[in-house]
Amino acid sequence: MTDTETRARRVVAAPDAPRRRRSGGGPRAGTIAAFLTPFFLPFVLFYLVPVGYALWQSFRVVRRTGGQYGTSYTTFGGFHQYAQVLHNTEFWSSIGRIGLFGIVQVPVMLFVALIMALLLDTPLLKVKAFFRISAFMPYAVPGVIAAIMWSYLYSPQLSPVVDLLGHLGLHPDFLGPGAVLWSTANVSTWLWTGYNMLIMFSALQAIPQETYEAAKLDGANNWTIAWRIKVPIIAPSIVLTTVFSIIGTLQLYAEPAVLRQISSNISSTFTPNMLAYAVASGNNYQQAAAISVVIAVITFVLSFGFMRLTSKKAGL
Amino acid sequence: MALMLLLTIYFLLPVYFLIVAATKPQGDLASTNGLAFSHFNLFSNLHTLFSRSDGIFLKWALNSVIYAVVGAGVGTLISALCGYALAKFQFRGKEFLFSVVLGGVLVPTTALALPLFLLFSSTGMVNTYWAVFLPSIVSPFGVYLARIFASAAVPEELLESARLDGAGEFRTFFSVASRLMAPSLVTIFLFQFVAIWNNFFLPMVMLQKESLFPVTLGLFEWNGQTARAPLLQESVITGSLVSIVPVIIVFILLQRFWRTGLAAGSLK
């Protein structure tokens, strides 16, 4: 009953809206297009077309006529490339590696970022500006250069950290087979913690002070206010940083590529993206395209899935 | 407080190490304590850095500046126009366009680089400035931010009164809306600037010609050669310092702007 009512009202209201807009002097279609085209033209050319092209390539195979020395041609191959990807053990080990990396690094980084943001939001703390800037500074450092800097701190010949630990009787091998994944994770954590902190901190600053007053009157302490009031309110920005971190993890390339220059424990197929590049360098573009598509689909499923999951939990 | 101190040391340590190492002669790198200054050799290191291979480092630095400043400038302008239109104009298919842009945020840029290389190589654009510059101007995240900022910062009544005064839509945008959006535009510019400045995969895929490299790719190549040419190590260190310090300074100087923008963006 109410449903049909609202629907009826919507039908009545709908033709009214555009008329009102036109009388208010809203822009013409041509003007709107002039605002949109400068972005959408390159967006289509350099985003959508490559995505489509990768999809198309991923369904092709190279065949040869008449044995090894015949001329090669590409033809439709169905899901051949995808079947190859799914049977590739290097692909699965790179996914497993990156999965382990993400499951550990992302929560640790975001938890530290959240604690830092909450600390910055309390009135207790002096020298906030200095702390905020030093935490955010790594964001301005390119991943390649961050990895170069840390690789010097990891290298046994140059590192003051290894020296220092040596005096304490510890001899860690940051580039050893078991540790190198976590040394890479450390570079990512160093780069992005401050950035994530700043997004959460900005969200905290946008909460009006009155929100806390009732809780204070009820005798809530700073911890209760932080966990029961602040964290739920900034949940959307925590979701946002998580999604960006998931995307970033699956894209990992520069940091391990730099550490590979000094560690034999990082293979050329260490991460999915390194694998895709290695396959493309071997001139198997169709296979590389299929790998890229699979990485993009996994990214999409994980980040979308995470958004859906968290928004359901939050009762939205 | 102790936790804060510890974290501050963690964040500053690599940069401090880099500053110390950049002032040392190559011979002192391995033989002296990494956290203490020894012979002050910074100027000689800088001279070596900038004169190596006919001054290629300066070329890389200039390339990075061109890619990042022009790319982020154009990118911010087109993102702002598009985000503003998506926030303030009513038209059919608006939500559909916005969700396509949002989907673009989720596409890994490294997954784009390989097909882009194939497309560009068939048009002969590989190994040119355009191959890195053109894809860099597209920032779906910039459009997303611009839309949020425009709906938060530009009041509807102001646009109505500008229209009543007979101002065209572009004039309204440039003389009214863009001023109100200014702090957020700085934020979009800085985010995109950093993304392009830090980009490594795209130039690596697109460029073979050393003279077109950005600084990240150049230093990566040098770093890979240090095993064969150990003397390059000091230039990699000094070059790393030279390439991060200006960006860090710009960030600190502009922080009032991007913090306002970020705070506005986090409302929704």
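Observations, loosely collected:
- Selection within region B:106-135 - within 9 Å of another protein chain (Cβ to nearest Cβ), over 12 Å from B:LEU207 (Cα atoms) and part of a helix (DSSP H, G or I): B:LEU106, B:THR109, B:THR110, B:ALA111, B:LEU112, B:LEU114, B:PRO115, B:LEU116, B:LEU118, B:LEU119, B:LEU134, B:PRO135
- Residues that are buried (at least 19 other Cβ atoms within 10 Å of the Cβ), closer than 25 Å to A:ILE295 by Cα and not hydrophobic (A, V, I, L, M, F, W, C), drawn from region A:94-138: A:SER94, A:ARG97, A:GLY102, A:GLN105
- From the options B:LEU106, B:LEU118, residue that is open to solvent by less than 40 Å² (accessible area, probe 1.4 Å) and closer than 24 Å to A:SER281 by Cβ: B:LEU118
- Scanning region A:54-93 for residues that are closer than 30 Å to B:SER79 by Cβ and open to solvent by 60 Å² or more (accessible area, probe 1.4 Å) yields A:LEU55, A:TRP56.
- Residue, least open to solvent (accessible area, probe 1.4 Å), within region B:141-186, restricted to residues that are in a helix (DSSP H, G or I) and of a type in the set (D, E, K, R): B:GLU169
- A single member of A:THR242, A:THR269 is over 28 Å from B:GLY218 (Cα atoms), polar (S, T, N, Q) and in contact (Cβ under 8 Å) with a residue 60 or more places away in the chain, and it is A:THR242.
- Qualifying residues in region B:16-58 (those that are of a type in the set (D, E, K, R) and within 12 Å of chain A (Cβ to nearest Cβ)) - the one surrounded by the most Cβ atoms within 10 Å (Cβ to Cβ): B:LYS24
Condition check ((1) of a type outside the set (D, E, K, R); (2) more than 24 Å from the chain's Cα centre (by Cα)) across all residues:
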residue	(1), (2)
A:GLY166	yes, yes
A:LEU181	yes, no
A:TYR195	yes, no
A:ASP218	no, yes
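- One residue from B:SER266, B:SER243 being modelled with pLDDT of 85 or more and either surrounded by 17 or more Cβ atoms within 10 Å (Cβ to Cβ) or touching a strand residue (DSSP E or B) at 6+ places or on another chain (Cβ under 9 Å) (or both): B:SER243
- Among residues of region B:82-93, those that are among the hydrophobic types (A, V, I, L, M, F, W, C) and open to solvent by less than 10 Å² (accessible area, probe 1.4 Å), counted: 4
- In region A:50-141, counting only helices (runs of 4 or more DSSP H) that sit wholly within it, the ones holding 1 or more residues that are more than 11 Å from every other protein chain (Cβ to nearest Cβ) span A:80-86, A:89-121.
- Extreme residue, surrounded by the fewest Cβ atoms within 10 Å (Cβ to Cβ), among residues of region A:142-171 that are touching a helix residue (DSSP H, G or I) at 6+ places or on another chain (Cβ under 6 Å) and in a loop (DSSP other than H, G, I, E, B): A:GLN157
- Residue among B:LEU134, B:LEU97, B:LEU49, B:LEU119 that is touching a Phe, Trp or Tyr at 6+ places or on another chain (Cβ under 8 Å) and under 20 Å from B:ASN198 (Cβ atoms): B:LEU134
- Residue identified as modelled with pLDDT under 90, closer than 23 Å to A:LEU165 by Cβ and not β-branched (Val, Ile, Thr) among B:ASN33, B:ASN41: B:ASN33
- B:SER64 vs. criteria assigned to a helix (DSSP H, G or I) and either at pLDDT below 90 or surrounded by fewer than 14 Cβ atoms within 10 Å (Cβ to Cβ) (or both): no
- Among residues of region B:1-15, those that are modelled with pLDDT under 90, in a helix (DSSP H, G or I) and facing another protein chain (nearest Cβ under 10 Å), counted: 3
- Verdict on A:SER263 being more than 10 Å from every other protein chain (Cβ to nearest Cβ), hydroxyl-bearing (Ser, Thr, Tyr) and without any contact (Cβ under 8 Å) to a residue 60 or more places away in the chain: no
- Residue in region A:72-89 that is among the aliphatic types (A, V, I, L, M) and in contact with a helix residue (DSSP H, G or I) (Cβ under 6 Å, 6 or more places away or on another chain) present: yes
- Contacts under 6 angstrom Cβ, first residue in region B:204-233 being open to solvent by 20 Å² or more (accessible area, probe 1.4 Å), partner not in a helix (DSSP H, G or I), 6 or more apart: B:GLN208/B:ASN127; B:LYS209/B:ASN127; B:GLY224/A:GLN261; B:GLN233/B:THR226
- Residue check for B:PHE189: free of Cβ contacts under 8 Å to residues at least 60 places away in the same chain, part of a helix (DSSP H, G or I), open to solvent by 40 Å² or more (accessible area, probe 1.4 Å) and among the aromatic types (Phe, Trp, Tyr): no
The values are calculated or read from the model by the stated rules, or taken from the named source; none is laboratory data. In this text, all values refer to a predicted model and were calculated from it rather than measured experimentally. Here Cβ is always computed from backbone atoms with ideal geometry, including for glycine, and neighbour counts include all displayed protein chains. Areas reflect the complete protein model, heavy atoms only, side chains present, ligands, DNA and RNA absent. Shrake-Rupley method; radii C 1.70, N 1.55, O 1.52, S 1.80 Å.
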